[in-house]
Every structure is written in C-alpha cells, then in structure tokens.
Amino acid sequence: MTANPMVVRPDTSLKEAIHLLVEHRISGLPVVDAEGKLIGVISETDLMWQETGVEPPPYIMLLDSVIYLENPSTYEKDLRKAMGLTVGEVMSDRPISVTGDRSLRDAAKVMQKHNIRRLPVLDDAQELVGILTRADILRDLLEA
C-alpha cells in the first residue's frame, strides 16, 4: 500500500489532474473533500470521455414520440463526463474502498470482484490513509 497517496479535490481542473497522472505515471487518483473524506476516484477511464465523446442512445420515433431503446440517463451522465472541466464533474462518485484492518487477501478479492486497479484504504474515521494497487499485490506475492 502507498501511504498518504496523492489526492485531488473536486474543484481541481482536469488539466491539473491529467498532468499529475502523466507526470507520476499513475492511472488514477482518489478525490477527497475538504475534511479528507474520500468522495470519488478519477481514473484514465473517466478521462477517456473527453477524447471519445458520447453517442446519443438509440431511439425510434412513433407518432411524434421518442422512444429510447436504452436508458437516456446513462447518456446524460456520460455527456457530463465528456463536457466536464473539473475533477468533480468527471470522477466516479461511488468509490469502492476498504478499511486498513482488512487483510491483503480480502482487499485483493474486492479488487478482483469489481475489476479495479486501485483500492483506497480508509481509517476508522473514513479518511483516506493509503491506496492499494495491483502492483502492490504483485510485489507482496514476489516477496512471499
């Protein structure tokens, strides 16, 4: 685990967040509020919307009515990510995390189950104390 990881706030500009990701060769950053509480994660995947844009959901017209074939709220969320200028507008706002008392095996299971690359680690007050990555788990396997 990396203790005291780099973090960004929701009002951080995307340009600054991208600069941090590239400069430090990392794929994501925890997003914390003013009290240090984890409120989200911004990753390369979240930022891809900036380049790829979004396609409107497929629909059919029937008697002057629009019938969406997919949930239009998903499109609206993706559109906000594509048009966002700050971390708060683009981040994933339901971060998966663990507390520091969980075993490495349990944390690895959480990462595998949710197919995530990084796992924020919180203390009892729900404040960010570290981040566990797949590379951390591999290093532990190598040392074992």
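The values are calculated or read from the model by the stated rules, or taken from the named source; none is laboratory data. What you are looking at is a predicted structure, and each value in this text was computed from that prediction instead of being measured. Every residue, glycine among them, receives a Cβ derived from its backbone with ideal geometry; neighbour counts consider all protein chains shown. Note: areas computed on protein heavy atoms with side chains; ligands, DNA, RNA excluded. Shrake-Rupley method; radii C 1.70, N 1.55, O 1.52, S 1.80 Å.
Multiplying the residue separation of Arg94 and Ser73 by 0.36 nm and removing their Cα-Cα distance gives an extension gain of 5.9 nm. Straight-line cross-link reach from Lys81 at under 18 Å between alpha-carbon atoms covers these lysines, not counting any fewer than eight positions away in the same chain: Lys15. Over all distinct Cα-Cα pairs of region 49-144, the Kirkwood formula returns a hydrodynamic radius of 16.6 Å.
For region 1-114, the spread of Cα positions along the three principal axes, ordered from largest to smallest, is 59, 32, 26 Å. For the chain, the solvent-accessible area with a 1.4 angstrom probe is 67 square angstrom per residue. Taken along the Cα-to-beta-carbon direction at a fixed 7 Å, the label points for His19 and Ala135 span 2.2 nm. Loop-resident chymotrypsin sites (Phe, Trp or Tyr not before Pro) (DSSP state other than H, G, I, E or B) in region 1-98 with no more than 11 further Cβ atoms inside 10 Å of their Cβ are absent.
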